[in-house]
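Here the structure is laid out as structure tokens; the discussion comes afterwards.
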Amino acid sequence: MPLTLPQLDEPREAKEKCGVVGIWGEEHPARLAFLSLYALQHRGQESAGLCTTDGRIIDRAVGMGLVSQAITQRDIERLDAHAAARATAHAGKGVRKWGGAIGHNRYSTMGPSAAANAQPLVGHYRGGPVALAHNGNLVNAVQQRKELEGKGHAFSTTSDTEVMLALMAAASRDKECDALAEALQQVSGAFSIVVLHQDRIEAARDPFGWRPLAIGKLPSGSYFVASETVALDVLGATYVRDVEPGEIVTLSDDGLSSRRFAEASPRRAHCVFEHVYFASPASLIFGQTVQTVRERLGAKLAEEAPVEADLVMPMPDSGRSAATGYARASGLPYREGIIPNRYVGRTFIKPTDAERAAAVRVKLNIVSEVVRDKRVVIVDDSVVRGTTTKIKMDQVRAAGAKEVHLRISCPPIRYPCFFGVDFADPSELIATNRSVEKIREIIGVDSLHFLSIDGMLSVAACADVAGEHFCTACYSGEYRIAIDPALRKHAMTGNC
Ligand code: SF4
């Protein structure tokens, strides 16, 4: 009988929500989009997909799992051949015009994890076939869906993204009408999207700029958009600028052009948690390199909560950047004393407490020699449920640490996110209705400090983006836009 190791239900307690890419004017757009999706794998591991057009119809390949599992070599060759048909058709007119591809990595925050919800989604509007990929979360999708169903529109997925396609299809029949702009003016919430048409790609960002969306230029002169600049680096593209909140950019045979579907909100709502946890440390988002911000968050922690200790240790891998900053600012030595086992897979079983503890011990080994008889500062990026954090702290103490001081590089997470981040149910968040002292007692450490909101914003802010332009709703409960009471109730109760 095979031995089955008990494992955690999730390796992380906050789940990334999607990455998007779009590229136009390349001979092998599917292959390039596939490579860039690899670079955005951290934004979603549930499903992945690619679409190309031959100038008439859209071909699509989607699948469940990681990019490498969801999309095969054969898919890529088929999609690139499909795109090449457009160039061949143009070559008949004496000019070769390469086409484009869009791609998506998904983690569901609205709509279940299912192949039917894998993106890009394909639809049809008066301008022809269209494919759309979305990073974010719409807060009025349920209401829009009901209205569209009332008008006879049939939905084939449970994803909020399909609402945008349906609104494009329902847009005015007037030939002059801008169907995408008309659709985006009716949705509310977070969206960074890429849209593939027969002859172009459009990319747009909500007026608050919740999620990042960068424009790059390839050495060939083609343009490229992606959720994060780390995807540009993979293709050797140079960063041009971000898609502005409220802007639609078009990538076509004529290069790059821009128009607005809305004015940018005077007060933006960039997700500060992208800097704390989601985005790749190698990316440039909201005006700063993520790695630099994380190191400075750690330094700010050292300033806010110094402690007499012998060494600073990161919680791998999430706390490494902030721990580096804490160690540098405090002058304490930096040591790696918690070693992750990278070969333990993930399952979705719900283990018992004992099994969970065993699973953490399998996933993380403590180097006793580093911690024995030492006063240890451990730095992590966030605490969500706190259950695994407690087990890890107990492990460090059991390995002989004299004192354990936990430092977290963001404030306590107490409220749900409606803009594309799937935290645990609020009733399961350790910080909901609990003081820091109470959390310290539960986790069982000698001291605990969460970075203050002001401290976090002072680091996230830069010359280009003031602190007031960041969303902090999951920490403060201050939502930048009104949240439908039904949606709020759903988040607070965890129903359905
Ligand atoms: S609520 Fe939190 S996670 Fe959600 S967008 Fe705002 S800062 Fe980001």
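Going 7 Å from the Cα of ALA358 in the Cα-to-Cβ direction, what parts of the range 364-397 have a backbone nitrogen less than 20 Å from that spot?
364-366, 387-396
From the square roots a ≥ b ≥ c of the eigenvalues of the alpha-carbon gyration tensor of the range 19-266, which class results: rounded (a/c under 1.5), prolate (a/b over b/c), or oblate? Write out the running numbers ahead of the final one.
Working: a/c = 1.33, a/b = 1.25, b/c = 1.07.
Judged from the Cα gyration tensor, the range 19-266 comes out rounded (a/c under 1.5).
Can you sort MET393, MET164, MET313 so the residue with the fewest Cβ neighbours within 10 Å comes first?
On the way: MET393 22, MET164 27, MET313 30.
Lowest count first: MET393, MET164, MET313.
Using the Karplus curve 6.51 cos²θ - 1.76 cosθ + 1.60 with θ = phi - 60°, work out ³J(HN,Hα) for each residue of the range 204-210 in order, rounded to whole Hz, and write x for Gly and Pro.
For the range 204-210, the Karplus-derived couplings read 9, 9, 4, x, 8, x, 4 Hz, x marking Gly and Pro.
Which translational diffusion coefficient, to the nearest whole µm²/s, is obtained for the chain from the Stokes-Einstein equation, given a Kirkwood hydrodynamic radius over C-alpha pairs, 20 °C and 1.002 mPa s? Let's see the in-between values first.
Values: Rh = 23.6 Å.
Rounded to a whole number, D works out at 91 µm²/s.
Hey, could you pull the Cα Rg and Dmax for the range 290-461, both in Å?
So, for the range 290-461, Rg and Dmax equal 15.5, 44 Å respectively.
Pull out the extension gain between ALA89 and ARG241, defined as 0.36 nm times the separation in residues minus the alpha carbon to alpha carbon distance; nm, one decimal.
This chain segment gains 51.5 nm when fully extended.
Taking H as built 1.01 Å from N, whose amide H comes closer than 5 Å to the amide H of SER47, not counting residues under 5 places away?
Excluding prolines and chain starts, which carry no amide H, the hits are GLY65, ARG106.
Given DSSP loops and a limit of at most 12 other Cβ atoms within 10 Å, what is the longest stretch of the chain that contains no such chymotrypsin sites (Phe, Trp or Tyr not before Pro)? Before the final figure, lay out the partial values.
Values: sites that count: TYR343, PHE348.
Segment 1-342 is the longest.
How would GLU149, GLU403 line up from fewest to most surrounding beta-carbon atoms within 10 angstrom? Walk me through the numbers on the way to the answer.
Values: GLU149 12, GLU403 16.
Fewest-to-most Cβ neighbours within 10 Å comes out as GLU149, GLU403.
Taking R0 as 22 Å, what's the FRET efficiency between ASP317 and GLU468 from their Cβ-Cβ distance, rounded to 0.05?
Calculated value: 0.10.
Given the rule -39500 (n - 2.57) for each run of at least 4 DSSP H residues, summed and divided by the residues of the chain, what is its mean residue ellipticity at 222 nm, to the nearest 500 deg cm²/dmol? All intermediate terms of the calculation are to be shown ahead of the outcome.
Numbers: 16 runs with 147 residues, N = 496.
One gets -8500 deg cm²/dmol as the mean residue ellipticity at 222 nm.
If you put +1 on each Lys and Arg Cβ and -1 on each Asp and Glu Cβ, how big is the dipole of the range 19-266 around its Cα centre, in Debye rounded to 20?
Details: 24 positive and 27 negative charges, 73 e Å.
Dipole size: approximately 340 debye.
In what sequence do ASP310, ASP206 fall when counting other Cβ within 10 Å, fewest first?
Ranked by crowding around the Cβ, least crowded first: ASP310, ASP206.
Taken together, the values in this text are just the output of simple stated rules run on the coordinates, not laboratory data. None of the values given here were measured: they were computed from a predicted structure. Every residue, glycine among them, receives a Cβ derived from its backbone with ideal geometry; neighbour counts consider all protein chains shown.
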